[in-house]
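Coordinate-derived values only; no laboratory data. Quick caveat: nothing in here was measured; it's all calculated off a predicted structure. Cβ placement follows ideal geometry from the backbone for every residue including glycine, while neighbour counts extend to all protein chains displayed.
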Amino acid sequence: MSNWKAKRFWKAAAVTEGADGFGVALDGRPVKTPGKAPLVLPTRALAAAIAAEWGAQTGQIDPRQMPLTRAANSALDKVVPQHAEVAALIADYGGTDHLCYRATFPAALRAQQDAVWQPLLDWAATRFGAPLRVAEGVVPIDQPPEALARLAAVVASMDAFELAALHDLVGITGSLILGLAVTERHLNAADAWTCARIDEDWQILHWGADDEAQAHASAKRAALLDAERFWHLVHLRD
């Protein structure tokens, strides 16, 4: 969708309803995905939000301003035909979860990681029966196979729209636990971002910020919030 260049040709974007779910129509013409699949959505709320994205476009269409549309397209064009592969890719983050790797120095940074990250690992151990081990430094460690299997089962049980959201929640934070915590409403995305950024924020505090890195971080944070909104709209029933 990043190479898609088109100008607005419609007057109104509206929500439609069919036997399979909800859709969006532009002057009565159903919207399709880039892969030409019907844009069939699970909730009216998601369809209304996507219709609003189309309605907000003026002049040349800018897909960067349509995160919900892009996520829905990904769910239908990419996740549906390879659900098991996408679920496995996301679940693999459990084996190298960001929250499991703690600093050896300085002590104050390690203390902050322990204070913020350990309660989240404890929550996951209780919620999913999946206790994960903690390591010092960046040398990979093996996690309990039974814990990884339980986390993988949770991920595999999700539908294509849920996986599209979780993919970004996990990929942006580097943590399966943080991603699942957002989906379970144990944590909101803004707080998950703060949790994931402890190391980077420590460096900024002591060494200063880089403008380019800050701009990149802001874009990633916005994408994380978009993924959270997409997840909630997928579950917002009438």
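The table for this structure:
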| quantity | calculated |
| --- | --- |
| Single unsatisfied condition, A45 versus (1) at positive phi; (2) part of a helix (DSSP H, G or I) | (1) |
| Total residues in region 129-163, condition of a type outside the set (V, I, T) and either on the phi > 0 side of the Ramachandran plot or not in a helix (DSSP H, G or I) (or both) | 15 |
| Candidates A48, A14, A37, filtered to the one that is touching a helix residue (DSSP H, G or I) at 6+ places or on another chain (Cβ under 9 Å) and farther than 20 Å from A164 by Cβ | A14 |
| Members of region 83-126 that are of a type in the set (K, R) and in contact with a helix residue (DSSP H, G or I) (Cβ under 8 Å, 6 or more places away or on another chain) | R102 |
| Matching residues in region 78-109 - criterion: being part of a loop (DSSP other than H, G, I, E, B) and without any contact (Cβ under 8 Å) to a residue 60 or more places away in the chain | T104, F105, P106 |
| Lone unmet requirement of (1) under 29 Å from D201 (Cα atoms); (2) of a type in the set (G, A, S); (3) touching a Ser or Thr at 6+ places or on another chain (Cβ under 9 Å) for A72 | (1) |
| Count - residues of region 125-153 that are surrounded by 13 or more Cβ atoms within 10 Å (Cβ to Cβ) and either closer than 27 Å to L109 by Cβ or touching a residue at least 40 places away in the same chain (Cβ under 8 Å) (or both) | 14 |
| Breaking point among (1) closer than 19 Å to W202 by Cα; (2) surrounded by 13 or more Cβ atoms within 10 Å (Cβ to Cβ), for F105 | (2) |
| Residues satisfying the stated conditions in region 30-47, i.e. within 17 Å of H232 (Cβ to Cβ) and surrounded by fewer than 20 Cβ atoms within 10 Å (Cβ to Cβ) | T43, R44, A45 |
